[in-house]
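This is the structure I want to talk about, given as structure tokens.
The values are calculated or read from the model by the stated rules, or taken from the named source; none is laboratory data. Quick caveat, the model's predicted, so the values are computed rather than measured. Cβ placement follows ideal geometry from the backbone for every residue including glycine, while neighbour counts extend to all protein chains displayed. Side chains included, ligands, DNA and RNA excluded: accessible areas come from the protein's heavy atoms. Shrake-Rupley method; radii C 1.70, N 1.55, O 1.52, S 1.80 Å.
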Amino acid sequence: MDASAKKILEKLKTGKYDPVYLLQGEETYYIDLISDYIEQYALTESEKSFNQVVVYGKDSSVASILTNAKRFPMMAERQVVIVREAQDIPDLNKEAGSKLLLDYLSQPAPTTVLVLCHKNKTLDKRRELGKKAEHLAVSATFKKPYDNQLADFVMEYVSQKKYLMEEPASRVLTEYVGNDLNRLANEVDKVLIGHNPKETISAAEVMTKVGISREYNIFELQKALINKDWLQASKIVSYFEANPKKNPSIPMIAFLYSFFSKILAAHNVSDHSPQGLTSSLKISPYAAKDYLLALKSYPQVKALQIISLLRSADLKLKGVNAGNEGEGQILKELVFQILV
């Protein structure tokens, strides 16, 4: 778990609430985790009717939010005001609105818990509000995690749910989903449905429950490309062509683009040991052996060419210079050009 999120949640679980929380950044999972906890536990069910307000930024002005924040709680120790999508508050970045908020942050109502969920970006630190806000509130900025942090997230999430998972299973999930923690948590929840807590979750079970073909999937295509296995790559691509709805090409291109971009970066790393690649590329230690093999299969010039091929294929799939080529044909041609 992110260290800032863990610190905030640990304090909340002791029943101690601060007047203002500014939660911001690209990784929305922790913003939701903290705000949902406050929404669920800061007040009792009977207190929520009169003392909890949840609004959305696009529908609110700074003044209207602060009007709610400055009220006194009714028959409760505190009141809670949660602003979802705070980045969409119309006057947040205007002088009058930002001054109002800054004045409130300087002297917040002690009986109010104001939660600002500023998603996908941060306050502009070139402006006074951006410079001062994080010092006047409990503030946390959440960045997208590196690839080598994802498996730990999955294992910790599974452990918190009182289940066990083998490492290859967590790797399958993280490679399939990527670094979207909300989606990753949802996929884990899907895997846990109906699973016996006394049994360890396997990679095979993960593939079955999240809908990944055990033979023909993007992971096996990547493996075939690393090993330059023409026959297996051809079988997989033909399967994709026959099942386009289950295997859309654009996400596959994005997956391969990420992989070969790291291969290109790896060529510029001086330490090609597993430890060196893990540290430099921010990848899982378990993935390092694949990168070591790919470095031998694809010299730097070839990796650069493949990046160009992937960009071109992506444009074709989006209708740019595609001609009469279908999705399957584009993917087949791409794989052939990668392997030659």
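Scan the range 139-168 residue by residue and report those that are more than 18 Å from the chain's Cα centre (by Cα) and either aromatic (Phe, Trp, Tyr) or under 19 Å from residue 221 (Cα atoms) (or both). Full working, then the answer.
Step one: of the range 139-168, the residues more than 18 Å from the chain's Cα centre (by Cα) are 139, 159-168.
Matches in the range 139-168: 163, 168.
Shifting gears a bit: Looking at 139, 159, which is the one that is farther than 23 Å from residue 290 by Cα and surrounded by fewer than 16 Cβ atoms within 10 Å (Cβ to Cβ)?
Numbers: 139 fails: surrounded by fewer than 16 Cβ atoms within 10 Å (Cβ to Cβ).
Result of the check over 139, 159: 159.
Okay, residues lined up against (1) within 27 Å of the chain's Cα centre (by Cα); (2) over 27 Å from residue 148 (Cβ atoms):
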{"residue": "245", "(1), (2)": "yes, yes"}
{"residue": "250", "(1), (2)": "yes, no"}
{"residue": "270", "(1), (2)": "no, no"}
{"residue": "277", "(1), (2)": "yes, no"}
{"residue": "280", "(1), (2)": "yes, no"}
{"residue": "290", "(1), (2)": "yes, no"}
{"residue": "293", "(1), (2)": "no, no"}
{"residue": "296", "(1), (2)": "no, no"}
{"residue": "310", "(1), (2)": "yes, no"}
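Yes or no, residue by residue, for (1) under 12 Å from residue 335 (Cβ atoms); (2) hydroxyl-bearing (Ser, Thr, Tyr); (3) surrounded by 15 or more Cβ atoms within 10 Å (Cβ to Cβ); (4) modelled with pLDDT of 90 or more:
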position	(1), (2), (3), (4)
184	no, no, yes, yes
201	no, no, yes, yes
204	no, no, no, no
208	no, yes, no, no
212	no, no, yes, no
219	no, no, yes, no
230	yes, no, no, yes
240	yes, no, yes, no
251	no, no, no, no
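Picking from 313, 287, which residue would you name as being at pLDDT 90 or above, of a type in the set (A, V, I, L, M, F, W, C) and open to solvent by less than 30 Å² (accessible area, probe 1.4 Å)? Give the derivation first.
Numbers: 287 fails: at pLDDT 90 or above.
Only one candidate qualifies: 313.
For the range 53-105, enumerate the residues that are in contact with a Lys or Arg (Cβ under 8 Å, 6 or more places away or on another chain) and open to solvent by 40 Å² or more (accessible area, probe 1.4 Å).
Those that are in contact with a Lys or Arg (Cβ under 8 Å, 6 or more places away or on another chain) and open to solvent by 40 Å² or more (accessible area, probe 1.4 Å): 54, 56, 85, 88, 90, 93.
Still on this structure: List the helices (runs of 4 or more DSSP H) inside the range 166-250, counting only whole elements, that have at least 1 residues being closer than 27 Å to residue 299 by Cα and without any contact (Cβ under 8 Å) to a residue 40 or more places away in the chain.
On the way: elements: 167-177, 181-192, 203-210, 218-226, 230-242.
Because the criterion is at least 1 residues that are closer than 27 Å to residue 299 by Cα and without any contact (Cβ under 8 Å) to a residue 40 or more places away in the chain, the helices (runs of 4 or more DSSP H) in the range 166-250 that meet it are 218-226, 230-242.
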